[in-house]
Amino acid sequence: MSSVTVTEAPNERELLLSTSPHLQSRWTTKQIMWFVVLALLPSVISAVLFFGFAQLLVIAIAVGFAVGTEALIQYLMKKPIAVSDGSAVITGLLLGLILPPHFSLVFTALGAIFAIGVGKMLFGGLGYNIFNPALVGRAFLQAAFPVAITTWTIPNFAVDTVSKATPLAALKFDGVVTGLSSMMYGNVGGSLGETSAIAVLIGGVFLIVTGVANWRIPAAMLVGVIVFGGGLWLIDSSYPTPLFHIFAGSFLFGAVFMATDYVSSPITNLGMWIYGICISLVLVLIRVFGGLPEGVMYSILFMNAFVPLINRYTRPRIFGEVKS
Amino acid sequence: MFKTFPGGVHPPEEKELSEHCAFEVMPLPASVILPLSQHLGKQAKPLVDKRATVARGQVVAEADGFISAPVHAPIMGTVKSIGRENNSNGYMKEALVIIPAKLKEDEEAPADVTMPPLDAETATPDEIRARVKEAGIVGQGGAAFPTFVKLNPPEGRELESVIINGCECEPYLTRDDRFMLERPDAIVSGLRLIMRALGVQKGIIGIENNKPDAIASMQKAVQGFDGLEVCALQTKYPQGAEKMLIKAVNGREVPPGKLPLDVGVVIQNIGTAVAVHDAVTKGEPSVTAALTVTGRGIRTPKNLIVPVGTPIKDVIEFCGGLTEDAGKVIVGGPMMGVAQYNLEAPVMKATSGIVVLTKEEVRAREETNCLRCGKCVDACPLHLLPTRLARLAELNRLEEAEEYGITVCMECGSCAFTCPANIPLVQWLRLGKQRVITMQRSRKADAA
Ligand code: SF4
Ligand code: SF4
């Protein structure tokens, strides 16, 4: 906050001058970012647990290149280097955790560079990007290396019925239903940080209880998936159940860590509800009728594009105002 | 469930620093600086000349116009000068400086000037209004609106209730709390006088639930009076703002640009109720200020009654002085008060507190880009979009800012309090608001 320090002769003291409010909440940008990093740790641990220590390297490369790219671009543009705010660390972590196990380190690095360079800095840096940078990175990798990014490995502690494929792909292409408990623990095929629902939920509860993440978006996504997924399942029971929708694939990870990304989600409460419900609608449509088994990434990116519009049309009614 | 309004924030309360300190009366200062403009509206017109001897309670400046209030000498003494002096809002304002008179051996001090006491049970509405006007009482909540004007609503207004603002939602301050503990009957009497002046049957005292003793004390005091009640509210800032208090107490929303009057309510502060009681039943003019002096930057926090016009530095001295690490002196509460650079500035009628924060506590944080986290949107009690408005103000897109309701902002600071990016939202909003108002004026002028 802009402030002046004045030394007044009669008082012989330095008093700080700045305008009200003179108190501030404990939250700082940095603190929020590092809380998100903390919330991602259970998912990192589950990634190591189910896919081996080598996965730490994938995640480390993603984080390292994300931070490095941001610092380099800020340096080249002669802007203050602000990587200590932690936002690039988060992008790196998120990207690392949505990649398949044993993903090529070179591709990972490319993804991280693209995520920060195109997904974030091209728009003007923190606060100005329209799309979630980690998802931009992942979308780029999907387009550039479609085979590598859908090559899954059998996790540690796999039970017999678990195949290499993700539960969604198994259902979509082979009609195999994966058990709910496996999806809870995470000993199923899938991206590093997404397979363990428990790990994601621990992080999610932490973020919501501490007030870092707004609860409305995950709640709206849950409502949406139950309504749309459940509706289809009621019509035709060969479609996945709402519970399957929730626990399979990256729904939870997306709901907790991707859709709640401050910058690329709406700022109004009503907007958050609309945004979350629409993500689930698009998601269910892709999963059930689309050619792909998974749709979380696309549905969030798709709705990111509507956020400015949503913000505009959900301006809250000003206190005491009668809307005509 | 306690009643409240949606939105708002929970700053650290820090009431324990001074909540158990009973009011002390401060001894006379070496001089008082008496601003002629201690209220909203037109400054008062001086009636005395330099070197005049004045009695305590004597009118030294008369009200000038409808929205104005007279000023009385807070101490017996001699007028040393009339000129521009610093006041605690940071501006130079016309003020009288009075020093205690040196009396000769056989000379007798002029007696205090008071007005004839009235019977609180039989005083007529006109008498009450006249007395409040004569006594120079102004609202104690910060804005310092002349109280008499509020007791004179325009013809044809249907008024339903008087709400006494006992929220004291500003962190640190405990003066209203002390009043409710030490003078509950004066508050009830003041409330009943205000109700009679307005012809209203219902009186409510709204108190936040972080002051359970005050709630109990006031509940006891209203017993046996028809139409009076205590309303306990959930603690939250800025519940003391008029619009928020009405919403919390009876659920009504005062529309933008309208007054509490428009929804049938008049709000008065605790200190105002006490002042009305004292003026009517004891004939005392408004010559003292009750205030909390607190914060970790002051050695001995206190609740004080001081003569209006006492320099802030004397008050601080009386409370043991500043600590070594004092970093900021605020007049008013820490959410809406004004930081001081000149401690010679005086306490005014509406001064509710002096809060001294330590250097550690005021450590300025770095500003980062807006994260679009929406925390400011959640916090704004008026449902504005602070981040958007600040941005529009910064870009000077005034038409859009107007459309998004920038002029409604009451500068409560909830948004800036909550912002993790430490964006000076209130500064931008103030600037934008002023510019939009200027634009609206010139538009009006063009149309005329
Ligand atoms: S200062 Fe204005 S915009 Fe900010 S919270 Fe208060 S009323 Fe809302
Ligand atoms: S609280 Fe601060 S960072 Fe968050 S949206 Fe508002 S202005 Fe932006």
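The values are calculated or read from the model by the stated rules, or taken from the named source; none is laboratory data. Only a predicted model underlies this, so the values are computations on that prediction, with no experimental measurement involved. Every residue, glycine among them, receives a Cβ derived from its backbone with ideal geometry; neighbour counts consider all protein chains shown. Remember, those area values only see protein heavy atoms, side chains included, never the ligands or the DNA or RNA. Shrake-Rupley method; radii C 1.70, N 1.55, O 1.52, S 1.80 Å.
Packing-based ranking of B:397-407, B:376-386 yields B:376-386, B:397-407, ordered from highest to lowest mean Cβ neighbour count within 10 Å.
How much accessible area per residue does chain B have, counting only protein heavy atoms and a probe of 1.4 Å, in square angstrom?
Numbers: 18010 Å² over 448 residues.
Per residue, chain B has an accessible area of 40 Å².
Peptide packing for B:95-108, B:15-28, A:112-125 was compared via the average number of neighbouring C-beta atoms within 10 Å per residue; ordered from the highest value, the list is A:112-125, B:15-28, B:95-108.
Between rounded, prolate and oblate, where does the range A:17-157 land on the alpha carbon gyration tensor, with a ≥ b ≥ c its root eigenvalues, rounded for a/c under 1.5, else prolate if a/b exceeds b/c?
Numbers: a/c = 2.65, a/b = 1.58, b/c = 1.68.
Note, shape of the range A:17-157 comes out oblate.
Taking both sides together, what accessible area is buried at the A/B interface, probe 1.4 Å, expressed in Å² and rounded to the nearest 100? Approximately 4900 Å², summed over both chains.
Taking all Cα-Cα distances within the protein assembly as shown, those exceeding 48 Å account for 33%.
Relative contact order for chain B: 19 percent, from Cα pairs under 8 Å spaced at least 6 residues apart, divided by residue count. Counting, for every residue in B:417-427, the Cβ atoms of other protein chains within 10 Å of its Cβ and taking the mean gives 5. Using the Kyte-Doolittle scale, which helices in chain A average at least 0.0 and also have C-alpha atoms spread 24 Å or more along the helix axis, with helices defined as whole DSSP H runs? Flagged H segments are A:29-51, A:54-76, A:216-235, A:269-289.
Per residue, the accessible area of the range A:76-187 comes to 44 Å², computed with a 1.4 Å probe over protein heavy atoms only.
Percent of C-alpha pairs per 20 Å bin in chain B, short distances first: 24, 58, 17, 0. The share of accessible area on chain A that comes from carbon and sulfur is 72 percent, using a 1.4 angstrom probe.
In terms of packing, defined here as the mean over residues of other Cβ atoms within 10 angstrom, the peptides A:246-257, A:34-45, A:309-320 line up highest first as A:246-257, A:34-45, A:309-320.
Between residue A:72 and residue A:269, the modelled label-to-label distance comes to 4.5 nm, taking each label 7 Å out from Cα in the direction of the beta carbon. Can you list the residues, at least 5 places off or on another chain, whose amide H is less than 5 Å from the amide H of residue B:85, using H built in the peptide plane? The answer is B:93, B:94, B:95.
For the range B:247-350, taking Cα atoms only, Rg and Dmax work out to 17.4, 50 Å respectively.
Look at where the Cα atoms of the range B:253-317 and of the range B:175-214 average out, and the two centres are 13 Å apart.
Which whole-number percentage describes the relative contact order of chain A, with Cα contacts under 8 Å and a sequence gap of 6 or more? Walk me through the numbers on the way to the answer.
Numbers: 516 pairs, mean separation 50.8, N = 324.
Worked out over chain A, it gives 16 percent.
For the range B:314-448, rounded, prolate or oblate, judged on the Cα gyration tensor with a ≥ b ≥ c (square roots of eigenvalues), a/c < 1.5 rounded, else prolate if a/b > b/c? It comes out oblate by the Cα gyration axes.
So what is the 222 nm mean residue ellipticity for the protein assembly as shown from helices alone, if each DSSP H run of at least 4 adds -39500 (n - 2.57) and you divide by all residues, rounding to the nearest 500 deg cm²/dmol?
Numbers: 26 runs with 293 residues, N = 772.
That comes out to -11500 deg cm²/dmol.
With a ≥ b ≥ c taken as the square roots of the eigenvalues of the C-alpha gyration tensor of the range A:173-310, please select rounded if a/c is under 1.5 and otherwise prolate if a/b is larger than b/c or oblate if it is not?
Numbers: a/c = 1.87, a/b = 1.27, b/c = 1.47.
It is oblate, given that a/c is not under 1.5 and a/b is not larger than b/c.
For the range B:183-334, the alpha-carbon radius of gyration amounts to 1.20 times the rule-of-thumb value 2.2 N^0.38 Å expected for a compact globular protein.
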